Amino acid sequence: MKKAAIVGAGIGGIAAAIRLALKGYAVMVFEANESFGGKLHEFRLGDYRFDAGPSLFTLPHLVDELFTLAGRNPADYFTYTRLDPITHYFWPDGSRLKAYAAPEAFATEAEQQLGVPREQVLQALIRSRRLYQGTADTFLQKSLHKVGTYLSFDVLKALTCLPELGLTTTMHGANARHFQDPRFVQLLDRFATYNGSDPYQAPGTLNIIPHLEHNIGAFYPTGGMYAIASSLVKLAEELGVTFRYNKPVAQILTEGSRVTGVRTASGTYAAAVVVSNMDVVPTYRRLLAGHPAPESTLGQPRSSSALIYYWGIKRQFPELHLHNIFFSGNYKTEFEHIFRHKSISPDPTVYVNITSKMEPQDAPPDGENWFVMVNVPHNQGQDWAQLVAVTRETVLEKLSRMLGTDLAPMIEHEQVLDPLLIESRTSSFAGALYGSSSNNRVAAFLRHPNFTSKLKGLYFCGGSVHPGGGIPLCLLSAKIVGDLVPETL
């Protein structure tokens, strides 16, 4: 039986391990940390449980598919519910909006709360659906670096969408052209943050993202986001995958123009296939030292990062839901701080995720577990201790003002995650959450491929390579790798 080694037990690495096991490989996953999940892990502060990383779940069929491929019933391992409403939005002027799951209900709410014509909202969601359905098969589910991708019928579908793809304008420009209300434009622009980009620079193509939430839906996994990783690890182990924790890979071994395995502190492990789920930059710099690196690809501008305050709040807020967005007064200025000034706006947009709204056991009966996130630049040597302290006061003042109560005395537990910690714990280069940013019209083609022509048997998955970051795209990267790796003989 041929052997495969996976570097990193993030969600992409776990999914790749399952797919290779199903192709007949003996798979071993090497993880530097003490457990699986990468950014997708959990922890406790007193009686409060927190999902530490990704908090939004879309395209659940990509998880279900892995169980189905293995001949299992997905519901025996993993269940989820469709959210309605999806998100509660708050603006500085006091206006609020509930983003309902059904497009019609969402459009009615936008008209009633913001004065945005209902029909315009529905047309925007139709455009988003049309763009997604016309481009996803080509740009998200296949390698963009194989000739065969461009010889399929799916490319013809994508070409029919070209006039609407928004390649000649920015995401913000496209949204501002269709809508007059700056609050609704801001709501649509925020979807750029799903892959760590700037709506004032990123192409209008990113307006396919609202389709994921408002046409397909957003979901909540029973047991929290960590249940995605834990259920897939259970499946992988049933398929014979071996996980080696606290076992960082020091080197990807090669002989001539092909890989032969990996080396750790405890020895070498032969493998005909090696899949790196580690960020592509440290993969080349640390694990492939001595091999020529694709410098132009590795040098692409990085995505944004995150500053997260995990707060155990000893009070309940009935006006809040699972997902809550408190917008800044000037979105353009906020993104200029992130991508131009490499700092944090004095008035940032704040995202508050509260899983105890779905799972009451995640907090004490009279409390809530708040995951409070601000989009920030990736690490470039900033004084993060100062930024963390200053932003904490800014966020507390903003939330207290917009909720009409003093939050500070209600915090009984606290932990902080900043770009430095993200980098050290997950090997995400410079703490960037999504690898390179999508702040130009050809960004999709500049991401590292899921393979390299320089070394046979070496493949790449995860958020730093094609098709991008976030749980759905990481799962799709594993699918692409699974399609590229040859069957065992």
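Tabulated data for the structure shown
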{"quantity": "Strands (runs of 3 or more DSSP E) within the range 1-108 that include 1 or more residues under 24 Å from T283 (Cβ atoms)", "calculated": "3-7, 26-30"}
{"quantity": "Where V280 falls short, out of the listed (1) crowded, with 23+ Cβ neighbours inside 10 Å; (2) more than 30 Å from Y25 (Cβ to Cβ)", "calculated": "(2)"}
{"quantity": "Lone unmet requirement of (1) out of contact with any Ser or Thr (no Cβ under 9 Å at 6 or more places or on another chain); (2) at pLDDT below 95; (3) in the same structural domain as A271 (by TED's automatic domain parsing) for H466", "calculated": "(1)"}
{"quantity": "Which listed residue is under 19 Å from the mean Cα position of the chain (by Cα) and among the aromatic types (F, W, Y), from F179, F219", "calculated": "F219"}
{"quantity": "Odd one out for S143 among (1) hydroxyl-bearing (S, T, Y); (2) part of a helix (DSSP H, G or I); (3) modelled with pLDDT under 95", "calculated": "(2)"}
{"quantity": "Residues of the range 53-80 that turn out to be small (G, A, S) and free of Cβ contacts under 8 Å to residues at least 60 places away in the same chain, as a count", "calculated": "2"}
{"quantity": "Residue among F191, F219, F243 that alone is closer than 30 Å to Y48 by Cβ and touching a Lys or Arg at 6+ places or on another chain (Cβ under 6 Å)", "calculated": "F219"}
{"quantity": "Inter-residue pairs, beta-carbon under 9 Å, first under 20 Å from D93 (Cβ atoms) and in the range 113-125, second of a type in the set (G, A, S) and not in a loop (DSSP other than H, G, I, E, B), 6+ apart", "calculated": "V116/A107; V116/A110; P117/A107; P117/A110; V121/A107; V121/A110"}
{"quantity": "Unique match (being surrounded by 22 or more Cβ atoms within 10 Å (Cβ to Cβ), outside the structural domain of A124 (by TED's automatic domain parsing), among the hydrophobic types (A, V, I, L, M, F, W, C) and touching a helix residue (DSSP H, G or I) at 6+ places or on another chain (Cβ under 9 Å)) among A202, A218, A192", "calculated": "A218"}
{"quantity": "Residue pairs meeting the criteria (Cβ under 6 Å; at least 6 apart or on separate chains; first among the small types (G, A, S), in the range 172-183; second surrounded by 16 or more Cβ atoms within 10 Å (Cβ to Cβ) and assigned to a helix (DSSP H, G or I))", "calculated": "A174/G204; A174/N207; A176/V185"}
{"quantity": "Residues of the range 350-378 classified as assigned to a loop (DSSP other than H, G, I, E, B), in contact (Cβ under 8 Å) with a residue 60 or more places away in the chain and crowded, with 21+ Cβ neighbours inside 10 Å, total", "calculated": "4"}
{"quantity": "Tally of residues being under 28 Å from the mean Cα position of the chain (by Cα) and polar (S, T, N, Q) across the range 393-418", "calculated": "2"}
{"quantity": "The lone exception for A478 - which of (1) modelled with pLDDT of 95 or more; (2) over 28 Å from R49 (Cα atoms); (3) not assigned by TED's automatic domain parsing to the domain that holds T254 it fails", "calculated": "(3)"}
{"quantity": "Helices (runs of 4 or more DSSP H) completely within the range 399-489 that count 2 or more residues being free of Cβ contacts under 8 Å to residues at least 12 places away in the same chain", "calculated": "419-426"}
{"quantity": "Some residue of the range 320-333 being part of a helix (DSSP H, G or I), farther than 30 Å from R49 by Cβ and not charged (D, E, K, R)", "calculated": "yes"}
{"quantity": "Which numbered condition R447 misses (of (1) out of contact with any helix residue (DSSP H, G or I) (no Cβ under 7 Å at 6 or more places or on another chain); (2) surrounded by 24 or more Cβ atoms within 10 Å (Cβ to Cβ); (3) at pLDDT 95 or above)", "calculated": "(3)"}
{"quantity": "Qualifying residue in the range 393-400 (condition: within 20 Å of L45 (Cα to Cα) and outside the structural domain of N246 (by TED's automatic domain parsing))", "calculated": "yes"}
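The values are calculated or read from the model by the stated rules, or taken from the named source; none is laboratory data. This structure is a prediction, so every number in the text was calculated from the model and none was measured. Cβ sites come from the backbone with ideal geometry, for glycine too, and all protein chains shown count toward neighbours.
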